[in-house]
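What follows is a single structure, written as structure tokens, with notes after it.
The values are calculated or read from the model by the stated rules, or taken from the named source; none is laboratory data. In this text, all values refer to a predicted model and were calculated from it rather than measured experimentally. FYI the Cβ positions are ideal-geometry reconstructions off the backbone, even for glycines, and counts take in every protein chain you see. With ligands, DNA and RNA removed, areas are computed over all heavy atoms of the protein, side chains included. Shrake-Rupley method; radii C 1.70, N 1.55, O 1.52, S 1.80 Å.
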Amino acid sequence: AVVSTQSGHYGRGVIEALRGKQVVEIAAGGAHSAAITTLGHLYTGGKGRYGRLGHGDYDDQPKPKLVEALKPYKVKQVACGSGDAQTLCITEGDIAWSWGDGDYGKLGRGGSDGCKVPKKVDTLLKCQITKIVCGSQFSMALGRNGDLYTWGKGDYHRLGHGSEDHVRWPQRVVGLNGQKVVDISCGSLFCVCVTEDHKVYAWGDNDEGQCGNGKTSAVPVPVLIEPLQGKRINRIACGSAHAIVWSTLEQATSTKHPSSISPEYPLLQDIAIPVLRNRLILLHYFSEVLTLYLYNCVRL
């Protein structure tokens, strides 16, 4: 069941329009929200201004409604912006879509026109997008090869391109060249990413020290957060002006697999070593899955 915890478009309690549907992912913006089911169907509801709900109109929706334009596709991930909001999603085949308010080019189609139904972000079609996020008046997308793209409003250096220019097409963040990014997140005006070798970078507005570099001046390009070196970070999440990162257990390696059973574990004595090794690998995998599940629960 999907539960709303604040009075608003849906009211408090179980969202009846989604009862009986197996929801696997949700996202919330400043005044609208979205949910994806196991069938890959996308439902949106809340404030409809600027066409952010994708239903072909500007009407508010007090109940989540199926986005008909995406029914032929299987939606894998969705992100909702705040303020004059946009919505982004990814469908099967790693295709990115955007709709809603288009100010500052945050829909990624070269202009400031909005749209009230989902449209593909053509310049990202060959980039195999695996994750998208929405900030305040800007958007981010992560490619399967680890390249990161940002576009939209550029002040406070939120895009990470070294200037405060607005960018109306997805543009690769060249300051991360040579780094394979594996996770991304953003607040209202700043961004954080983590690479496959567990390095964490941040850029953008830094008034509250949210970029983690010990200063409060804006950061124009991605800067390594030194205090997190060696922490094996692989997950990140951002609020409006703060960030959370966390590490997982060190991955099991062949050198750490048991070669014998200690006498203090009598119940394991009759289990073959290869079986125990496989169970250990499974436990580590379960730990990773549980970490991701808890992360998604926090996002609720």
For Pro263, are the conditions met, namely being modelled with pLDDT under 90, exposed (fewer than 12 other Cβ atoms within 10 Å of the Cβ) and more than 21 Å from Asp183 (Cβ to Cβ)? yes
Only one of Ala96, Ala85 is touching a residue at least 12 places away in the same chain (Cβ under 8 Å), closer than 16 Å to Tyr50 by Cβ and not acidic (Asp, Glu), namely Ala85
Looking at the stretch 117-153, which of its residues are on the phi > 0 side of the Ramachandran plot and either open to solvent by 10 Å² or more (accessible area, probe 1.4 Å) or basic (Lys, Arg) (or both)? Gln128, Gln137
Of all residues being in a helix (DSSP H, G or I) and either touching a Pro at 6+ places or on another chain (Cβ under 7 Å) or open to solvent by less than 10 Å² (accessible area, probe 1.4 Å) (or both) in the stretch 44-72, which is farthest from Ile90 (Cα to Cα)? Just the residue, please. Gly51
Looking at the stretch 193-248, which of its residues are outside any strand (DSSP E or B) and of a type in the set (Gly, Ala, Ser)? Gly209, Gly212, Gly214, Ser217, Ala218, Gly230, Gly239, Ser240, Ala241
What is the residue count in the stretch 139-178 for residues that are among the basic types (Lys, Arg) and in a strand (DSSP E or B)? 2
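Yes/no matrix, rows are residues, columns are (1) touching a Cys at 6+ places or on another chain (Cβ under 8 Å); (2) surrounded by fewer than 20 Cβ atoms within 10 Å (Cβ to Cβ); (3) more than 20 Å from Ile244 (Cβ to Cβ):
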| site | (1), (2), (3) |
| --- | --- |
| Asp155 | no, yes, yes |
| Arg158 | yes, no, no |
| Asp165 | no, yes, yes |
| Val173 | no, no, yes |
| Ser188 | no, no, no |
| Val194 | no, no, no |
| Trp203 | yes, no, no |
| Gly209 | no, yes, no |
